[in-house]
Structure formats: C-alpha cells, structure tokens
Amino acid sequence: MMKLLPVLLFLGVACLSHAQFYENYKLYELLVKDSDHVNELNFWYNEGTLDFWSHAAPNRSVTVMISPRVRRRFEQMLKEEDIEFKLMMENVQEMLDAEKAWRKEQERIRPTNGAIDFNHFWTLDEINNYLEKLSVAYPKLVTLVEIGRTTLNRPINAVTISTKGRINQKRPVVLIDAGLQAREWASHMAVMHLIHQLVVNSDANQELLKNTDWVVVPVANPDGYAYSHEMNRLWRKNRSAGKTICPGADLSHNFPFRWHYTSNSCTEGYSGSAPASESETRALMLLMAQYARSMKMYLTVHACGEYILYPYGYDNVQVPNAAVLHMLGEQAARAARNVRGTVYQVGSAGSLLTPQTGSADFVYGSFGAEFTYTLELPCGRTGSAFLLETDRLAQVSAEAFEMFKVFGKFAGSTTVGRPYDSTKGNKVKDTKAVTDEADASSSSANEDTQEDVSEK
C-alpha cells in the first residue's frame, strides 16, 4: 500500500477554530471493499490528513473529509488502491454555513412560551436548564447531580430517575452517557428525548420505571459540545490544553482499558497523554464505580453509522456472553426498524469496525457489567453523516427510544447481585418474539414532541 509522509501543515482540523477553516474542504463517499482499504484510510486518518465522518468497515460506504491541499494525492491513492469514490461536496464550509443559517432561523421563529420541542438541536444551556426544571418539577422522580467539572470549569451533569426517589442500588440500574464526541449532536438529543419520556410521560412508561433505575449523562463532554455550537461545528474532542500542540482528547478512547497511545495530538482520535488523563473521563469513571454493584446495563450513545455494538472493541475477541448480547441487540434493532425501517447492524465492535477500545470495553472489562453497548445512531442524508438534518431528528429519537425500551425492560427483569442466567425466567426472547411487542408499543415514542413541563 502507498504510504505518504505526515503532512503536518494539514493537521489543523483539530487545531484551528474559526468557521472559515473548512473553506474548500472536500467531502467524499468511498466504497470500502476489504481490510486493506480500511488500513489505508486509517493511515491517512492517523496522519491527520483525513477525517472520518462515518465508520470505515469492509463492504460499506464511508464518508470522509480532506483538505483541498491534498486532494490530488488523495484521489491518486484511491485509484491506486482501487477504492471507488464519489465527490459529495466541493466546499464543506457551504454545508456548515447553511446549517448555521438554518439553526439561526429556527431560533428566530421558535415559540418563546417555554414549550419543549425535539425538532432542533439544543444548546448546552438549553439542556442544563431543562434538567434543572425537571428536577424541580418532579422531585420525587428526578435528582440532578453534578458529577464533576471540565477543564474550563463547566459542570458535568447527570440525572437519576427512580420511582423510589433516590437510587438505593437494590434495583437494576441502566447507566447511559451521550456526547463523548462533541459534534455528534443527535446522540445528545436522543438521550434528552429519553429523559423526557421517562419523566414527563412517566405514566405511559411505567414498565420502564417499575423495576429499573436510570442514571443518565446527556452531555459527557460539555466543553466540546459548547465549542461545537459556538466556534467549530466539526469539533470532536474535549478542550483540555495540556502540553500538546493541539488541544483536546477523544474522550471515548481515553478510558484505562486496553488504552492505546497515539502520538499526534492534532488528530481527531487522539487518546490523551495517558489513560484517564481527562477530567471528563475521570468523572464518568467515578459515576460508573458508584453504581457498579447495581449497573446491569451500560449504553454509550454516538452518531453515526446504524450500529448496535457490544464488547470487545479493542480487538476481535469474543466475550463469554456474546450470544446473549447479540440476541438482545437484535431485539433492539428490530424495535428500531419497526419505527420507519432503519436497519441497524449488530455485532461486536472489534469484528465490525476498526479495532479500538472505548467506554463500553472499560465498563465491561473493568466493572464486569454484563450488558454494555455502543449505539451508533443513523447518519444524515447524502453523505452528511453526523450532521443530521433537523427534519429527521424526531425519527432518530423515536428509534433510539424504542431501543432504550428494549434494554430498559430487560435490565428490569434481572436481579442485582446475581449474574444473568439465560435458563431462568428472564430469558432473552428471540427476534420474532419481540416483533409483536415492538409493533404494539412503537407509537408511544412519537407522541408529545411538544410539551410544556409546567403543564404537569
């Protein structure tokens, strides 16, 4: 395979912050046929000359962005490696400008009466304000907890949701985080929609609350999320400065399980200067440790790619309960597909994607949580990848909610302090059995997309 010297002058995706930085950047759709293609693209990614907008995997298309300075060399490599490609966009900045203009227009016409809607991407302030409103309006159900502080001293907030008020760890806990990678806005909104359904629409979702407690971190990377709204829409990492050339680390790869050192701090996947070097990572680790005894289900929500992934991700290594994880993942995939036909691929992260560790590996390998998944929500249309169109947001959130329901109901059927036993009464159903159940309940996720908390 052709190898190019590092082009350090072009690393600036992670280093510069002003919006015009992406002027004339190119967006390509590539048809990846085999592992050699994946390896070649990963080489470019690791050198900082390519940014993945979706996951590279054999026999799938992938969206990538490159600097205009390397376009000729990039296309030459694609031809030499026999990678089919299509130029999707000549100027990425035009896409970003259009999205920003649309968001401003939606903000201008949005009702000012306090109504809650899930048809736009909320800012960090909107999310935190809503969490606080819920904790005040529903004190017997919701508790707002600050689990740590970021490098820039922003609070990292979690909410606990339990019909018992405070979580006493006698019932199974589902722990969820979203937004480890800042630019994946659909993940934040899907989790906020879940919180809304569990709290404001709790009467309709009693089955998810009667024997299950929830711990949810809707913005695991507050600094990065705010920065992606205010300065650089494509920002992925956190905003820690450290002693590196470029700021930030990819929090998803900063957890201390099979951590892999990456020397180039200017790449999007930079894993940090050391395992758990980032304050956000450590805050999540402490939260995970707090609920480790009762945590039966861990879900980390990302975008995009339509995947339901279970451990391990660091390599193609099968975990002892892979069969049960796969069957439960297929149930969740079937439930999501029943909303509007979206097809999720289910499997171990290491077998479907480029091997790399993540938070799900850490929770499974370090805390022994039996059921851990990474959910990769759908991509946008025509190569826009994680830049999901707002008119698809309600559908994606509804699909995610159906998956959350499958996982939450299953967690509620388990027993704290006892390993899952597939021979007992809480046996995972096959995918056909879940179809009828999903058909009967899928409509509930689409209701109440506009609701005022004050009405409750």
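The values are calculated or read from the model by the stated rules, or taken from the named source; none is laboratory data. Keep in mind it's a predicted model, so treat the numbers as computed, not measured. FYI the Cβ positions are ideal-geometry reconstructions off the backbone, even for glycines, and counts take in every protein chain you see. Quick note on the areas: whole protein, heavy atoms, side chains included, nothing else; ligands and nucleic acids left out. Shrake-Rupley method; radii C 1.70, N 1.55, O 1.52, S 1.80 Å.
Quick notes
So that you can scan it fast, the table gives a plain yes or no per residue for (1) more than 17 Å from the chain's Cα centre (by Cα); (2) modelled with pLDDT of 95 or more; (3) closer than 22 Å to VAL217 by Cα; (4) part of a helix (DSSP H, G or I):
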residue: TYR298; (1), (2), (3), (4): no, yes, yes, no
residue: HIS302; (1), (2), (3), (4): no, yes, yes, no
residue: VAL317; (1), (2), (3), (4): yes, no, no, no
residue: LEU325; (1), (2), (3), (4): yes, yes, no, yes
residue: GLU330; (1), (2), (3), (4): yes, yes, no, yes
residue: ARG334; (1), (2), (3), (4): yes, yes, no, yes
residue: ASN338; (1), (2), (3), (4): yes, yes, no, yes
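- Single unsatisfied condition, GLN290 versus (1) of a type outside the set (Ser, Thr, Tyr); (2) touching a residue at least 24 places away in the same chain (Cβ under 8 Å); (3) open to solvent by 40 Å² or more (accessible area, probe 1.4 Å); (4) out of contact with any Phe, Trp or Tyr (no Cβ under 9 Å at 6 or more places or on another chain): (2)
- Within region 214-261, considering residues that are more than 20 Å from LYS100 (Cα to Cα) and small (Gly, Ala, Ser), the one surrounded by the most Cβ atoms within 10 Å (Cβ to Cβ): ALA220
- MET327 being open to solvent by 10 Å² or more (accessible area, probe 1.4 Å), more than 23 Å from ALA394 (Cα to Cα) and in contact (Cβ under 8 Å) with a residue 60 or more places away in the chain: yes
- Among the candidates THR342, THR374, THR354, residue that is under 18 Å from GLU184 (Cα atoms) and polar (S, T, N, Q): THR374
- Put simply, of THR374, THR382, THR414 the only residue that is in contact with a strand residue (DSSP E or B) (Cβ under 9 Å, 6 or more places away or on another chain) and either assigned to a helix (DSSP H, G or I) or surrounded by fewer than 19 Cβ atoms within 10 Å (Cβ to Cβ) (or both) is THR382.
- Hey, ALA349 on the phi > 0 side of the Ramachandran plot and touching a Gly at 6+ places or on another chain (Cβ under 9 Å) or not: no
The rows are residues; the columns are (1) closer than 21 Å to ILE156 by Cα; (2) of a type in the set (Ser, Thr, Tyr); (3) assigned to a helix (DSSP H, G or I).
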residue	(1), (2), (3)
GLN206	no, no, yes
LYS210	no, no, no
TRP214	yes, no, no
HIS229	yes, no, yes
ARG233	yes, no, no
THR244	no, yes, no
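- Looking only at region 266-287, residues that are under 16 Å from the mean Cα position of the chain (by Cα), open to solvent by less than 10 Å² (accessible area, probe 1.4 Å) and not acidic (Asp, Glu) come to 2 in all.
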